[in-house]
Amino acid sequence: MRRRICTLPVGLGAAALALSGALPAQAADPRPREPRPAWETRTSGSDARFRGLAAVSRSTAWVAGTKGTVLLTRDGGRHWRDVSPPGAGTLEFRDVEAFDAWHAVVLAIGEGDASRVLRTDDGGASWTETFRNPDPRAFYDCLTFFDRRHGIAVGDPVDGRFRVLSTGDGGRSWHVLPSDGMPAALPGEAAFAASGQCVTAAGGHDAWLATGGAAVSRVLHSTDRGRTWSVAGTPVPAGDAARGVFGLAFRGRAHGLAVGGDYRAGQPSPTAAAVSGDGGTSWTAAPRPPAGYRSGVAWLPHSRTTALAVGPTGSEVTTDAGRTWRAFDTGSYDTVACGPDGGCWAAGEKGRTARLAPGGSGG
């Protein structure tokens, strides 16, 4: 979108006082309590703002951000290696999708030829530019992959419809898909390049696109890798260029989470999350949403109920599939992602990176 802008284990205190005699023994609550998640911050050595994040595993992650910066860690964030593409200092990277520690694709945003896609096959030692936007009206926001070969990148509306790029060779080449299968955009409607999560995929063919800026926030759904789309409204606040759905996450083809709100500091976001149980056909407001605007969301792998949400004013966890969210951190993060082995990462402004503490899933 063009206008963008450590925790102690729960329950140990009471138990210790009871054992010491400071409290009656019965004062210690014997019921098991859920572990409380905690971010373990990592020093990236950069002052870039990271809105792109790819979690490969607990040990390996990529981040991408301002000033053409791309970093890679293979040791759990203890050391980050600067693998930025040469000469990319003027680019604004907002998304990175990685297949492993060696192969990754990054998206730079902006009008016209500022929107670009680059790919590396050697862990960032070298990069190849595989797409440079030739249309001055187009502005690409985020990308996603269905598998190691097939992926799409989505951009703001051109001629009244969202623009979709497609690749069938892992991001080595791209072509614009026909727009006749895309519903008409609403006045003022666009996508947000805030976390690399305005589009997400699940399975081999399904993709979902989040929107805002119009009278209503919407989620578009494709079952054929971006060729045709259906659309559904959401209860996430809209009606202003700063409001809408900013991030999406799906667990399989049915269970979806949407987060967003109003990204302007100090503005209320009373309905910052919504849930879907039917593949995005309908959306329901979370009865207990996050405390404010959230830009990133991720399911924990191998869990049917646990997910994380992040934003500039804090992080929340849900253990009931998005119906209720509880805060566990007040730090500023823009994006969150989890690898197949359960390793979860967050990243944001001023070079902030973090990994979820072991055992801190909250469920």
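A short reminder: the numbers here are calculations on the coordinates, not readings from a lab. Just so it is clear, the model here is predicted, and its values are computed rather than measured. All Cβ positions, glycine included, derive from the backbone under ideal geometry; neighbour counts span all protein chains shown.
Quick one: putting +1 on the C-beta of Lys and Arg, -1 on the C-beta of Asp and Glu, what dipole do you get for the chain around its Cα centre, in Debye to the nearest 20?
460
Between His205 and Arg81, 0.36 nm times their residue separation minus their Cα-Cα distance comes to what?
That works out to 41.3 nm of additional length.
Would you compute, from DSSP H runs of 4+ residues alone, the mean residue ellipticity of the chain at 222 nm, taking -39500 (n - 2.57) per run and dividing by the full residue count, rounded to the nearest 500? Display every interim value, and only then the final one.
On the way: 1 runs with 9 residues, N = 363.
Helix contribution divided over all residues of the chain: -500 deg cm²/dmol.
Here are a few candidate values for log10 I(q)/I(0) by the Debye sum over Cα atoms at q = 0.08, 0.12 Å⁻¹: [x] -0.36, -0.79; [y] -0.50, -0.86; [z] -0.40, -0.96. Which one was actually calculated from the structure I just gave you?
[x]
When a footprinting reagent is the concern and you count Cβ atoms within 10 Å, what order do Glu129, Glu97 take, fewest first?
With the fewest neighbours first, Glu129, Glu97 line up as Glu129, Glu97.
Would segment 184-318 count as rounded, prolate or oblate if I go by the C-alpha gyration tensor, calling it rounded below 1.5 in a/c and otherwise prolate when a/b exceeds b/c, oblate otherwise?
Oblate, since a/c reaches 1.5 and b/c is not below a/b.
Using the Cα centre of segment 256-353 as origin and beta-carbon charges of +1 (Lys, Arg) and -1 (Asp, Glu), tell me which of Ser269, Ala346, Val297 is placed farthest towards the positive end of the dipole.
The listed residue farthest towards the positive side: Ser269.
Residue by residue through segment 282-298, what is 3J(HN,Hα) from phi via Karplus (6.51 cos²θ - 1.76 cosθ + 1.60, θ = phi - 60°)? Round to whole Hz and write x for glycine and proline.
These are the phi-based 3J(HN,Hα) values: 9, 9, 10, 5, 5, x, 10, x, x, 5, x, 3, 10, 9, x, 8, 8 Hz.
Among Leu72, Gly213, Ser59, whose Cα lies farthest out toward the positive end of the dipole of segment 40-356, if unit charges sit on the beta carbon of Lys, Arg (+1) and Asp, Glu (-1)?
The one lying farthest along the dipole's positive direction is Ser59.
In nm, to one decimal, how far is the modelled label at Thr223 from the one at His175, with both set 7 Å along Cα→Cβ?
Going from the Thr223 label point to the His175 one covers 2.5 nm.
Arrange the following residues from fewest to most other Cβ atoms within 10 Å of their Cβ: Phe162, Phe246.
Working: Phe162 24, Phe246 32.
Arranged by neighbour count, lowest to highest, Phe162, Phe246 become Phe162, Phe246.
Taking the Cβ of Trp102 as the center, what net charge do the other residues with Cβ under 9 Å away carry, scoring Lys and Arg +1 and Asp and Glu -1? Don't skip to the answer; put the middle values down first.
Values: positive: none; negative: Asp100, Asp121, Asp122.
Charge balance in the 9 Å sphere: -3.
How do Trp229, Trp299 line up, fewest other C-beta atoms within 10 Å first?
Fewest-to-most ranking of Trp229, Trp299: Trp229, Trp299.
Would you please give the FRET efficiency between Asp135 and Thr90, computed as 1/(1 + (r/R0)^6) with r the Cβ-Cβ distance and R0 = 22 Å, to the nearest 0.05?
Result of the calculation: an efficiency of 0.70.
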